[in-house]
1. Could you name the aspartates and glutamates whose alpha carbon sits less than 14 Å from that of residue 128, not counting residues in the same chain fewer than 8 places away?
2. Using +1 on the beta carbon of Lys and Arg, -1 on that of Asp and Glu, and nothing else charged, what's the dipole of the chain about the Cα centre, debye to 20?
3. If you wrap a convex hull around the alpha carbons of region 91-225, what volume per residue comes out, as a whole number of Å³?
4. Once the cut-off is 23 Å, how many percent of the Cα-Cα pairs in the chain end up in the long-distance tail?
5. What accessible area, in Å² to the nearest ten, does a 1.4 Å probe give for residue 191?
6. For the chain, what are the DSSP H helices with axial Cα length of 20 Å or more and mean Kyte-Doolittle hydropathy of at least -0.5?
7. Just the number please: accessible area per residue for region 168-228, 1.4 Å probe, all protein chains included, in Å².
8. Could you tell me what percent of the DSSP beta bridges with both partners in the chain are antiparallel, to the nearest 5?
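The values are calculated or read from the model by the stated rules, or taken from the named source; none is laboratory data. Every value quoted in this text rests on a predicted model; they were computed, and no experiment measured them. Note that we place each Cβ from the backbone using ideal geometry, even for glycine, and neighbour counts take in every protein chain shown. Calculation scope for accessible area: heavy atoms of the full protein, side chains included, ligands and nucleic acids excluded. Shrake-Rupley method; radii C 1.70, N 1.55, O 1.52, S 1.80 Å.
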Amino acid sequence: MPNPLTLVGTYGSPYSLKMRAVLRYRQIPFRWAIQGTADEQGIPRPKVAIIPVLGFPDASGEVTEVMVDSTPQIARLETMFRERSLKPTDAGLHFLDLLIEDYADEWVTKMMYHYRWAPRESVERARKLLPVWPGLHATDERLERMGEYIVDRQVSRRALVGSTETNAPVIESSYIRLLEILHRHLEGNDFLLGDRPGSSDFGLYGQLSQLVIIEPPSTDLCILHGPR
Ligand SMILES: N[C@@H](CCC(=O)N[C@@H](CS)C(=O)NCC(=O)O)C(=O)O
């Protein structure tokens, strides 16, 4: 068996869960390294400090190359592994698959950020939950400080991501429309575009892994408008 890849990410990161699901579906051996823990030791830092980081080992198993950005990561995996490919064979479907993946990565992520960092109850939940994943053994005081740091940073970046009072109605109605479309579509289909998943399924899964499980307001909307 080849040396496993490494995926650095965390549970509150939609793109990390997207890539973790891709690796699992494709049955590619990998090691899951939680960002900010000792798991990350020895893994080179990427030029752009974002997660997930995909690490490639040399012949000895040491991670010597890393890359970020989930769409090119998926493309790279397509060149390395043949089995259980995500790429549709039909060119038209391939285009649609990439388009919907991009919609998930670039637009649905605004819904995710908005529902996590705008409603007070979500912010309070994230304040308690997010620090625990990298800090399971941290003291209560440290968890509190980390929660404070994360909340201050993320809430102050809301406008940068597009979550403003002006945009809120657009983001929120778009989320409900997505839920309703998925609810109807999944009644008769297992996947978005055929009988096996493509990149778009994983892109949407990553964002929804947060929206419909972690944040209370968006989870409630999901139950109301599209529980499938
Ligand atoms: N386009 C990237 C986006 C990755 C991304 O935005 N990751 C977030 C976490 S989910 C991040 O690392 N943000 C940097 C930060 O918060 O400093 C991808 O598809 O992987």
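1. Excluding near neighbours in sequence, the set is 140, 141, 144, 148, 152, 215.
2. Numbers: 26 positive and 30 negative charges, 38 e Å.
Here the chain has a charge dipole of around 180 debye.
3. Numbers: hull volume 16.5 nm³, N = 135.
That works out to 123 Å³ per residue.
4. Pairs farther apart than 23 Å: 52 percent.
5. 60
6. Working: long enough: 140-156 (24 Å, -1.08); 168-188 (31 Å, 0.19).
The qualifying helices are 168-188.
7. On the way: 2950 Å² over 61 residues.
Normalised by residue count, the accessible surface of region 168-228 is 48 Å².
8. Working: 8 of 13 bridges.
Bridges in the chain are about 60 percent antiparallel.
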